[in-house]
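The values are calculated or read from the model by the stated rules, or taken from the named source; none is laboratory data. Bear in mind the structure is a predicted one, so any value in this text is a computation, not a measurement. Here the Cβ is made from the backbone with ideal geometry for all residues, glycine too, and neighbour counts use every protein chain on show. Heavy atoms of the whole protein, side chains included, go into the accessibility calculation; ligands, DNA and RNA do not. Shrake-Rupley method; radii C 1.70, N 1.55, O 1.52, S 1.80 Å.
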Amino acid sequence: MNKYYFINHSTDLKIIGHYPQVEHISHECHLSLSTPYSLKNLVSWKFPDKEPMLDYLILHKKAKLTDVLSFGMISAQGFLVSERFKEILEQLHLMPHKFYPAKIEYKGTLFNYCFLHLVSSSYDIIDFQKSKFYVSRTNLIKIGEFRKIFALKGLQDL
């Protein structure tokens, strides 16, 4: 039987000092979509054409350096992880992923980290022909049933 684990960054200020721990990136141009190395090219459903530039990220002055850092500038699935934690993760069976090098500035010193980019499409595990989808309010009261849905490969009847 396989064991599965859930990894997340902490929001406990006693552990991390400040949330999010990463305050900003040194080169704002990497947040622009006009460069192929932009962090905004990181999405949860595919790997980017070019490796993103994560050189270097600056921790908030109240943040603590931990093995998994909270980072609000990337919307893709993934984590900023220390080299030590990366070595542990590499021994596990992970979903499709890539590690991108990152530098973290903490109190005037640079540390080697990496961004663990996780890529998945939950559409791959859905049997659309046997599934029903409903519109609901946030209190889960069913409003109506979808008769057609948009899937990644086009419009399908249910």
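Computed over neighbours whose Cβ is under 15 Å from that of ALA76, the net charge equals +2, Lys and Arg +1, Asp and Glu -1.
CYS114 sits among other residues whose Cβ lies under 13 Å from its own Cβ, and their net charge, with Lys and Arg +1 and Asp and Glu -1, is -2. A protection proxy built from the mean count of other Cβ atoms within 10 Å ranks the segments 110-116, 81-87, most packed first, as 110-116, 81-87. If a/c stays under 1.5 just call it rounded; otherwise compare a/b with b/c (prolate if a/b is bigger, oblate if not). Do that for the stretch 3-90, with a ≥ b ≥ c from the square roots of the Cα gyration tensor eigenvalues. Oblate, because a/c is 1.5 or more while a/b does not exceed b/c.
Once the chain from LYS98 to SER10 is taken as fully extended at 0.36 nm per residue, the excess over their C-alpha distance is 29.5 nm. In a shell of Cβ-Cβ distance under 15 Å around TYR19, excluding TYR19 itself, what net charge do Lys and Arg (+1) and Asp and Glu (-1) give? Value of the local net charge: +2.
Computing the accessible area with a 1.4 Å probe over protein heavy atoms, can you report the carbon and sulfur percentage for the stretch 4-106?
Details: 3510 of 6410 Å².
With neighbouring chains kept in place, the figure for the stretch 4-106 is 55 percent.
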